[in-house]
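The structure appears below as structure tokens.
The values are calculated or read from the model by the stated rules, or taken from the named source; none is laboratory data. Since the model is a prediction, treat every value here as computed from it, not as a measurement. Using ideal geometry, Cβ is built from the backbone for each residue, glycine included, and neighbour counts are taken over all protein chains shown.
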Amino acid sequence: MSVRIVVRNIVKKAVSPKMYGGLKHFFSYEKKIFRDIASAMNSDNLNRLATIHGTDKWNLHWYTQHYQKHFQELKNKKTNLLEIGVGGDADTKKGGNSVRMWKAFFPNANIYALDLHDKSIHNERRIKIFQGDQSDVKFLKEVAKEIGEIDIIIDDGSHINEHVLITFKTLFPLLKKGGIYVIEDTQTSYWADYGGDVSNFNAPNTMLTFFKSLTDSLNAKDFRIPGYQPSYYDLNIFSMHFYRNLVIIYKSKEGDRQ
């Protein structure tokens, strides 16, 4: 039995039914209070934070073990993080689990998110959510302009291959130099109902085919092609990291040497 439930039962026994009824407003915030206390106690451990906040980035997808390594250097810096997708589908009250996790892990960061549905109920100090379509280039650019410099972008949105590619091609150029771009749930590259293809692992319209092709950009200086003109990605991708259902891309910054 959790500490929260034990405390609630003690209070219920200690006061009259009428008084306990009057405490309902308090108990509506009870879960949040204990969650925030637990977050503060475990703020350095992303796996625990994911469990506390109920996001599937751990205990299902096992992403936070990788985020712990890749984001650790930014943990206490003033950063702007943008996550595509808030969760909870069309239910406006549901979702927000991961943005609260990021807020707990990054104590000096501003956490932004966007979702197709109105998730403004999850707005709070250091969390702001925009409503719009991740495949709408104009909307994405407006969001990026309002945020300013973006240090981390995480695509946990529709997972539709076409949407993921539109979002990346729009936002990666707007990511801060030295920033980190993440694509989650890349398994949909193999799912037909998401625009994927399991019969051809090099199908041209899937996200993994696209991101696998970008690994060539890491070696563009060695092509030995007379007159070759480097692409934007040749010039701006410093490193790429592939995990199960997860791709993490570092944008080059001044002074990087490959």
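Is it true that S189 is surrounded by fewer than 16 Cβ atoms within 10 Å (Cβ to Cβ) and either modelled with pLDDT of 95 or more or not in a helix (DSSP H, G or I) (or both)?
no
Can you find a residue in segment 210-222 that is of a type in the set (A, V, I, L, M, F, W, C) and either assigned to a loop (DSSP other than H, G, I, E, B) or not assigned by TED's automatic domain parsing to the domain that holds E73 (or both)?
no
Could we say that V198 is hydrophobic (A, V, I, L, M, F, W, C), within 29 Å of K69 (Cβ to Cβ), in the same structural domain as R244 (by TED's automatic domain parsing) and not in a strand (DSSP E or B) here?
Considered against the rule, which asks whether it is hydrophobic (A, V, I, L, M, F, W, C), within 29 Å of K69 (Cβ to Cβ), in the same structural domain as R244 (by TED's automatic domain parsing) and not in a strand (DSSP E or B), V198 comes out as no.
In segment 233-254, is there at least one residue being among the hydrophobic types (A, V, I, L, M, F, W, C), in the same structural domain as V99 (by TED's automatic domain parsing) and in a helix (DSSP H, G or I)?
Taking every residue of segment 233-254 in turn, at least one turns out to be among the hydrophobic types (A, V, I, L, M, F, W, C), in the same structural domain as V99 (by TED's automatic domain parsing) and in a helix (DSSP H, G or I).
Quick check on A203: is it small (G, A, S) and either in contact (Cβ under 8 Å) with a residue 24 or more places away in the chain or assigned to a helix (DSSP H, G or I) (or both)?
Taking the combined requirement at face value, the residue does not satisfy it.
Let me confirm something: among H122, H163, which residue is at pLDDT 95 or above, within 23 Å of T206 (Cα to Cα) and not charged (D, E, K, R)?
Sole residue among the options that is at pLDDT 95 or above, within 23 Å of T206 (Cα to Cα) and not charged (D, E, K, R): H163.
Would you call T92 of a type in the set (S, T, Y) and more than 21 Å from L246 (Cβ to Cβ)?
yes
For (1) over 14 Å from the mean Cα position of the chain (by Cα); (2) surrounded by 14 or more Cβ atoms within 10 Å (Cβ to Cβ), each residue gets a yes or a no:
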{"residue": "A40", "(1), (2)": "yes, no"}
{"residue": "N45", "(1), (2)": "yes, yes"}
{"residue": "I52", "(1), (2)": "yes, yes"}
{"residue": "H66", "(1), (2)": "no, yes"}
{"residue": "K77", "(1), (2)": "yes, no"}
{"residue": "L81", "(1), (2)": "no, yes"}
{"residue": "A90", "(1), (2)": "yes, no"}
{"residue": "N97", "(1), (2)": "no, yes"}
{"residue": "L116", "(1), (2)": "yes, yes"}
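Considering only residues that are farther than 22 Å from P230 by Cβ and outside any helix (DSSP H, G or I), which ones fall in segment 173-186?
V182, I183, E184, D185
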